[in-house]
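Everything below concerns the one structure shown next.
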Amino acid sequence: MQPFRKHSGKVAPLYRANIDTDQIIPKQFLKRIEKTGFGEFLFNDWRRSPSGVPEPDFVLNQSQYADASILVGGKNFGCGSSREHAVWALADYGFRAVIASSFADIFANNCVKNGVLTVVLTEDEAAEIARKAETAGYQLTVDLESCTVRDEQGFSAKFRIDDFTRHCLLEGLDDIGLTMQHEAEISKYESKHPAPAAWRA
């Protein structure tokens, strides 16, 4: 998993409450087991008409938000089903961080396991970022080392994150990475407890 320490990038505003995972990645695209290939279908039902024509008013179809890597949304971002594909789609599209005043718990946990930082700010702070992001080229720096979000125009806000989650993101440790920190102990145990012959066949 790619570590997250400090990231500066363009901000895309999608300031709506209760953005659910079925909108982030609609169910008809959940046919892959790999984590890649979902980015082109991110927010598909909002980005495209039923016939597949891009909707020019949707934020990710506007040229000023090309290559945006920070998304700011409304409260309860990521609600709905627990599909991890929603985070895979965000990450595959290129988003490293999502800012909102609150997140659905399962979605937030899935983000941690995929190296995407969820930044919880107040509603006023998130709304201010969304307003500023309406200006072409608006950028933020999200600093996990100092737990701050700031821009070059003087905006700065602190955010809270629990120590374990912060450690995992800073070091790029998903569940497998955490387990492999104990590789020496695992190997020692396995050397003393060989698998039965039936398991090795």
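Conditions (1) of a type in the set (A, V, I, L, M, F, W, C); (2) part of a loop (DSSP other than H, G, I, E, B); (3) modelled with pLDDT under 90; (4) open to solvent by less than 70 Å² (accessible area, probe 1.4 Å), marked per residue:
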site	(1), (2), (3), (4)
Cys111	yes, no, no, yes
Thr118	no, no, no, yes
Thr135	no, yes, no, no
Gly154	no, yes, no, yes
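Only residues in segment 169-195 that are modelled with pLDDT of 75 or more count as the first member; pair them with residues that are among the basic types (Lys, Arg) and surrounded by 10 or more Cβ atoms within 10 Å (Cβ to Cβ), Cβ under 7 angstrom, at least 6 apart or cross-chain, and list the lot.
Leu170/Arg5; Asp174/Lys113
Of everything in segment 31-79 that's polar (S, T, N, Q) and not in a loop (DSSP other than H, G, I, E, B), which residue is most open to solvent (accessible area, probe 1.4 Å)?
The extreme case among them is Ser63.
Can you find a residue that is modelled with pLDDT of 95 or more and touching a Pro at 6+ places or on another chain (Cβ under 7 Å) anywhere in segment 74-87?
Looking through segment 74-87, none of the residues is modelled with pLDDT of 95 or more and touching a Pro at 6+ places or on another chain (Cβ under 7 Å).
Of all residues in segment 1-30, which are open to solvent by 60 Å² or more (accessible area, probe 1.4 Å), over 22 Å from Leu117 (Cβ atoms) and charged (D, E, K, R)?
Once the filter is applied, which keeps residues that are open to solvent by 60 Å² or more (accessible area, probe 1.4 Å), over 22 Å from Leu117 (Cβ atoms) and charged (D, E, K, R), segment 1-30 yields only Lys27.
Have a look at Val53, Val87, Val59 and point out the one that is touching a Leu at 6+ places or on another chain (Cβ under 8 Å) and of a type in the set (Val, Ile, Thr).
Val59
The values are calculated or read from the model by the stated rules, or taken from the named source; none is laboratory data. A quick note: this is a predicted structure, and the numbers were derived from the prediction, not measured. All Cβ positions, glycine included, derive from the backbone under ideal geometry; neighbour counts span all protein chains shown. Just so you know, the surface numbers come from the protein's heavy atoms only, side chains and all, with ligands and any DNA or RNA stripped out. Shrake-Rupley method; radii C 1.70, N 1.55, O 1.52, S 1.80 Å.
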